[in-house]
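Heads up, the thing below is written out as structure tokens.
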Amino acid sequence: MRPVSTALLSLALTCLSACFEPAGGRYIVAANTAGLVVVEQVVVNGASASARTTMVAPADKPLPLTGKAPIVQVQYFHEFDCSGRQMASRGQRFVLQDGEILDLPARQLKWSKPRDRQLEGDILAVVCDPAVARAKSTRNSFGMVTRRYQRLLREQAVQAS
């Protein structure tokens, strides 16, 4: 399989975003052959914020889980310190291919400073920087974004073969 070009992935991200809204809503952080990352339910209170981040595995590459069905989606429930540029997870939810849901609450918040240009840094930027949020915002439903993402991956696979 040939590597997908950066220009093609940028075009795919633009197609997924389609419509923009200035604040709140749903934000597409990444959409590539490794997965789809969407931030939702952003609540900002001064320098503090919270949000849900959902990572969707490509349909043909669910994440294996020993003794269970493969993972197709992981949700993280994050807290953010925008002034300190830190984030922490309150817990995770795993959605398995067979529909089973596994919830793992965090025992305590572990704050970290994500690096720029890494996934966690991009998530922090979407939540804490209104300009980045506007650029990554979409009015499309989560289901619509996921279906478009999976369709684009199928089309790329057909073109590559």
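The values are calculated or read from the model by the stated rules, or taken from the named source; none is laboratory data. As the structure is a prediction and not an experimental result, all values here were calculated from the model. Note that each Cβ is placed from the backbone with ideal geometry, even for glycine, and that neighbours are counted across all protein chains shown. Calculation scope for accessible area: heavy atoms of the full protein, side chains included, ligands and nucleic acids excluded. Shrake-Rupley method; radii C 1.70, N 1.55, O 1.52, S 1.80 Å.
Structure summary
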| quantity | calculated |
| --- | --- |
| Residue in segment 99-115 that is in contact with a Pro (Cβ under 8 Å, 6 or more places away or on another chain) and not aromatic (Phe, Trp, Tyr) present | no |
| Qualifying strands (runs of 3 or more DSSP E) (wholly inside segment 50-161; at least 1 residues being β-branched (Val, Ile, Thr) and closer than 15 Å to Val29 by Cβ) | 71-81 |
| Test result for Gly35, surrounded by fewer than 13 Cβ atoms within 10 Å (Cβ to Cβ), of a type in the set (Gly, Ala, Ser) and within 25 Å of Arg154 (Cα to Cα) | no |
| Residue in segment 105-116 that is more than 24 Å from Ala47 (Cβ to Cβ), modelled with pLDDT under 95 and open to solvent by 60 Å² or more (accessible area, probe 1.4 Å) present | yes |
| Among (1) surrounded by fewer than 16 Cβ atoms within 10 Å (Cβ to Cβ); (2) out of contact with any Phe, Trp or Tyr (no Cβ under 6 Å at 6 or more places or on another chain) - the single one Arg90 does not satisfy | (2) |
